[in-house]
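The values are calculated or read from the model by the stated rules, or taken from the named source; none is laboratory data. Just so it is clear, the model here is predicted, and its values are computed rather than measured. Here the Cβ is made from the backbone with ideal geometry for all residues, glycine too, and neighbour counts use every protein chain on show.
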Amino acid sequence: MLRRAATEAEPAGKRRIAFRARPAAASRLAGIQQSGRSKSPAGWLSVPPLSPRQGKEQAAQAAAILVGGGKRRRRRRLPVKGQRQSCWPSKCLKKGKETAEEDECRKESLLDKHLKKVSPDPSPVQLIVQFLEQASKPLVNEQNQVQPPPDNKRNRILKLLALKVAAHLKWDLDVLEKSLSVPVLNMLLNELLCISKVPPGTKHVDVDLASLPPTTAMAILLYNRWAIRTIVKSSFPVKQVKPGPPQLNVMNQVQQEKEVTENILKVLKEQAADSILVLEGALKLNKDLYIHTIRTLDLLAMDPGAVNGETETSTAGFNISAEELQCQVCYDLGAIYFQQGSTDSALYGNAREKFFRTKELISKIGSSLHCIIDEKRLAGYCQACGVLAPSDNTSQPSTPYSQIHSCLRSGSYQELVKIFLEDNRTPSLPVQFRQSVLRELSQKAQQGNDVLEEICFKVCVCNSVCDVMQGRPVGVHFNQLFLRPTKEKIDFLLEVCSKSIQVESASESSKRKMAYFLKNLCLGLEDLQLVFMISSHELFIALLKDDERKLLIDQMRKRSPRVNLGTKPITSFYDIPASASVNIGQLEHQLILSADPWRIRQILIELHGMTSERQFWTVSNKWEVPNVYGNVILGIKDNLTRDLVYILMAKGLHCSTVKDFVHAKQLFAACLELVTEFSPKLRQVMLNEVLLLDIYSHEAGAGLLGETPPSNLISRVRGYLEMRVPDIPLRQVVAEECVAFLLNWRENEYLTMQVPLPLVQTNPYVKLGQLLAATCKDLPGPKESRRAAKDLWEVVVQICSVTNQHKRGNDGRVSLIKQRDSTLGIMYRSELLSFIKKLREPLVLTTILSLFVKLHNVREDIVNDITAEHISIWPSSIPNLQSVDFEAVAVTIKELVSYALTVNSNNHFWLIIQADIYFATNQYSAALNYYLQAGAVCSDFFTKMVPPDVYTDQVIKRMIKCCSLLNCHTQVAILCQFLREVDYKTAFKALQEQNSHDAMDSYYDYIWDITILEYLTYLHHKRGETDKKQIAIKAIGQTELNSSNPEEVLQLAAQRRKKKFLQAMAKLYF
């Protein structure tokens, strides 16, 4: 009969299982809100008077009817497979001759007997649902029209049975709310008001509770307490139930139940102020109240003509003392005031007053059957109110939480440290709260507050010592702060340790934890004076035994064997007479450090004067000279000249590598002047290195600012490429940098037409540069003139190809081995990548990116195709597709795009390529980020329209797919409008999804397509989502979307919404 409902989220973290009626039953049970259950609440008065015996018999008869027994049963239905059979006694309902025992069973109410079982099945709450479901079944007349449930004797008895079951549960709202849905409980409490003779048509706030019978007043209070509790509970987050397979009927029924619940909540929230006034008035009552029991309900059924007043039924129920009543009401009022405090902070004070009053009453009442308060939850409320609304009343003790927050607000940080120290003695603050305070202080300290650095350290020490005492590991933050320990830090640490443990009364476990902590601290310190501070402290002596202290000292000595605290300081190093070897060592040290050519020359002269046996170019292993130069330099016969040339070149190359171009020029100039006197070959080598240094210097300085290089530098670069001097050792990097330099400064004409042919044939970088220059030069031309593009394509394909080798194993089988770097190309792929990363010219980078994108797309994987500029200039196929290493191509594209975006992060075509790469690798959030960046950079952050060649239909469709896979279905629907032809099918399908992770109705202002807005209105109406439906209607009603407007107005409205939506998306994904 029943289904398990979704678990409700509670702050205490417990899962509360709720039982709800079937959706169809729930919608019928809610009919009281819509159809009007009876013409007046006095409908109970129309029940004819019954004797006690007749009342019990009718109750038994109604109960038997529900489970298939009793006199009204025409024929017995066979049980359906899987259906639970009734556990109610049926022998008491048999016709015919009855024994004395059966007569007694008949006299006793079947309901009473069932409820007295240890674990009755159905449970009491299930019975309430079944009774109310049966009583609220609508009728269908002869014209097939649905009529509200009739107010007849059968339905009144069923409602009475439901009230009796609730009375058996002692009207415990915790139990009822846990197991009954809002519509069911709403109907139950309305029936209680009705049977309690609450005057019909009267607002509860206008009723004088003191003048009403106790049971009537208690019914009003119970209803208004439930109303307040339901409002508070609805503000808590609820975990969504994972939907099963879609079933139209079930979905409609669930939606109906949801709609009814929302309607009830809406009414309760509108009447919340009245409910609060009713409960506030209840606090002024100084008399006991009574609530209905099964007996009083029977008495009411027997005497329906009684009027309000002090009768037997009004004082025969459960007695609720004035203190118990005030305790429950104060707690519920505190909860609603706390919930409303988010909009009116003054209400936190009211909540604090009610919660502390609840605590006083609980301590006065003690354990009570009719007053059950979650004291842990109450304590949490009190702590929160103590922070949000500190009391001026000194009689109420302030909690550590409120004290800490007060210190943070006022800036009393030293007092804050005292609170943490005090808490270390008697821990009460959770470790998460301690860490959150430390994080807050650290964030403030990082913003430039130097005073807080010391406070952060002290709080961190308090937390760490607390962790030690409770057996938790010490955090990383503590170890970071002790990377540079000082005397003051050690003093404070020892103070905290001493105040955190009472050696006389502490347990052995606590002593061992603290001793282990101090011992490890000593082993981690390098300054022996700080170690002595800890080891000589009275706490350390009290915690560690003599043998443990001796063992620690031995460990310290082993770690630092050269340190002896008992000896006197040794004689100063400068007091020892210097020997010849010492002088040579000092000069070698100066030689290593010096970058002044003249000083290097003087040092070498002195060293060669002291000894002629040493080769001083080997003093430092950091002095490295390329092998092609080393053989020539080491061939110099004079030792001094050889050392000087080698060291000057090595130091110059090192300075060039670390971009110290000033010293590099000085060193190279001195070396060039030196070698010019005796070696033309070395002179040309130095001229080449000076040229390379000038290229580096310009590219790192003026070149980054876009300044054109001097004409003489360009002439020297050309001269190097045209040089035909034989037997000159050349470094490949010089030619590589020269080609990259000419490409960066658009010397395409020279590279294409004037570079010597032998150099093109022998130097792979020159050949690659020539092909790149020719391709870039031909880009604006017709398709027939793209011979250079085809040649460049073939060169790169060959570089990215793999060579397949066959190997025969021991078992005779032949296996295929792929060699990643092909030796067939003019260079390795890693060398090609290194060369490309020297380029900065946008057209050159776009061309090479376009080539690799085409190579990636040649596999005909349409889903993962990447878009790029000039992609049509490349061949559309490869003869031997299996030879290409497409994994290496994909890696190369990623590296090239990343590098290109470091050169210019605002190139929208490169951003689109990066987005396509993320899309192809299923990284949809990152893909959306780059798609949006591409649109933002070419529209001044969407203040202008994005050009259509940037946001093509393919890009928009990929953005739609990204949003769909991220479950952002409203964004999908809006993006469907961006297409040239609006994709209504995709938009409607997305809007049907209820599990959406975006802002949903907050995005409706960005929809300009009336068809989509109309569909949204229909959809929300179908689901019963009134608020969202109103938002959609409001969006439709905007005048600028009127279809009668001129086309220009409609276009402007669409463009404005496009810009706003894309800006909102950018804020979300950037």
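Per-structure values
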| quantity | calculated |
| --- | --- |
| Residue match in the stretch 364-385 (condition: at pLDDT 80 or above, in a helix (DSSP H, G or I), among the hydrophobic types (A, V, I, L, M, F, W, C) and over 33 Å from the mean Cα position of the chain (by Cα)) | yes |
| Number of the exception - residue 766 against (1) crowded, with 17+ Cβ neighbours inside 10 Å; (2) modelled with pLDDT under 90 | (2) |
| Scan of the stretch 407-430 for residues that are under 30 Å from the mean Cα position of the chain (by Cα) and either assigned to a helix (DSSP H, G or I) or at pLDDT 85 or above (or both), ordered by number | 408, 409 |
| Subset of the stretch 533-552 [touching a residue at least 12 places away in the same chain (Cβ under 8 Å) and among the hydrophobic types (A, V, I, L, M, F, W, C)] | 533, 534, 539, 540, 542, 543, 544, 552 |
| So residue 1022, is it part of a helix (DSSP H, G or I), in contact (Cβ under 8 Å) with a residue 60 or more places away in the chain and either of a type outside the set (Gly, Ala, Ser) or surrounded by fewer than 13 Cβ atoms within 10 Å (Cβ to Cβ) (or both) | yes |
| Meets criteria (touching a residue at least 40 places away in the same chain (Cβ under 8 Å), assigned to a loop (DSSP other than H, G, I, E, B) and surrounded by fewer than 18 Cβ atoms within 10 Å (Cβ to Cβ)) for residue 659 | yes |
| Count of residues meeting criterion [in a helix (DSSP H, G or I) and surrounded by 13 or more Cβ atoms within 10 Å (Cβ to Cβ)] in the stretch 1025-1056 | 18 |
| Breaking point among (1) in contact (Cβ under 8 Å) with a residue 24 or more places away in the chain; (2) under 20 Å from residue 548 (Cα atoms); (3) of a type in the set (Ser, Thr, Tyr), for residue 507 | (1) |
| Residue tally, condition assigned to a loop (DSSP other than H, G, I, E, B) and over 19 Å from residue 219 (Cα atoms), over the stretch 143-178 | 8 |
| Set 635, 706, 652: member being small (Gly, Ala, Ser), farther than 30 Å from residue 605 by Cβ and either in contact (Cβ under 8 Å) with a residue 12 or more places away in the chain or surrounded by fewer than 19 Cβ atoms within 10 Å (Cβ to Cβ) (or both) | 706 |
| Answer from 465, 531 - the residue that is touching a Leu at 6+ places or on another chain (Cβ under 9 Å), over 23 Å from residue 453 (Cα atoms) and surrounded by 17 or more Cβ atoms within 10 Å (Cβ to Cβ) | 531 |
| Some residue of the stretch 683-691 being free of Cβ contacts under 8 Å to residues at least 60 places away in the same chain, among the basic types (Lys, Arg) and touching a Ser or Thr at 6+ places or on another chain (Cβ under 6 Å) | yes |
| Condition met for residue 362 (out of contact with any strand residue (DSSP E or B) (no Cβ under 9 Å at 6 or more places or on another chain), of a type in the set (A, V, I, L, M) and closer than 30 Å to residue 166 by Cβ) | yes |
| Residues being more than 21 Å from residue 440 (Cα to Cα), part of a loop (DSSP other than H, G, I, E, B) and among the small types (Gly, Ala, Ser) - total across the stretch 459-518 | 4 |
| Filter result for residue 596 (more than 60 Å from the chain's Cα centre (by Cα) and more than 23 Å from residue 688 (Cβ to Cβ)) | no |
| Failed criterion for residue 641 (all others in (1) assigned to a helix (DSSP H, G or I); (2) surrounded by fewer than 18 Cβ atoms within 10 Å (Cβ to Cβ); (3) in contact with an Asp or Glu (Cβ under 9 Å, 6 or more places away or on another chain); (4) touching a residue at least 24 places away in the same chain (Cβ under 8 Å) hold) | (3) |
| Given (1) of a type outside the set (S, T, N, Q); (2) at pLDDT below 85; (3) outside the structural domain of residue 220 (by TED's automatic domain parsing), index of the condition residue 302 fails | (3) |
| Scope the stretch 1001-1012; condition more than 17 Å from residue 1022 (Cα to Cα) and either outside the structural domain of residue 1032 (by TED's automatic domain parsing) or assigned to a helix (DSSP H, G or I) (or both); matching residues | 1002, 1003, 1004, 1005, 1006, 1010 |
| Among residues of the stretch 179-208, those that are under 51 Å from the mean Cα position of the chain (by Cα) and either part of a helix (DSSP H, G or I) or buried (at least 21 other Cβ atoms within 10 Å of the Cβ) (or both), counted | 19 |
| Helices (runs of 4 or more DSSP H) completely within the stretch 904-993 that count 2 or more residues being farther than 30 Å from residue 843 by Cα | 953-965, 969-975, 984-992 |
| Criterion: at pLDDT below 85, farther than 15 Å from residue 291 by Cα and of a type in the set (Val, Ile, Thr) - qualifying residue of 343, 311 | 343 |
| Residue match in the stretch 673-682 (condition: in a helix (DSSP H, G or I) and of a type in the set (Phe, Trp, Tyr)) | no |
| Residue in the stretch 209-216 that is out of contact with any Phe, Trp or Tyr (no Cβ under 7 Å at 6 or more places or on another chain) and outside any helix (DSSP H, G or I) present | yes |
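Condition check ((1) surrounded by 21 or more Cβ atoms within 10 Å (Cβ to Cβ); (2) modelled with pLDDT under 90; (3) under 23 Å from residue 972 (Cα atoms); (4) in the same structural domain as residue 849 (by TED's automatic domain parsing)) across all residues:
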position: 882; (1), (2), (3), (4): no, yes, no, yes
position: 891; (1), (2), (3), (4): no, no, no, yes
position: 912; (1), (2), (3), (4): yes, no, yes, no
position: 915; (1), (2), (3), (4): yes, no, yes, no
position: 936; (1), (2), (3), (4): yes, no, yes, no
position: 953; (1), (2), (3), (4): no, no, yes, no
position: 956; (1), (2), (3), (4): no, no, yes, no
position: 960; (1), (2), (3), (4): yes, no, yes, no
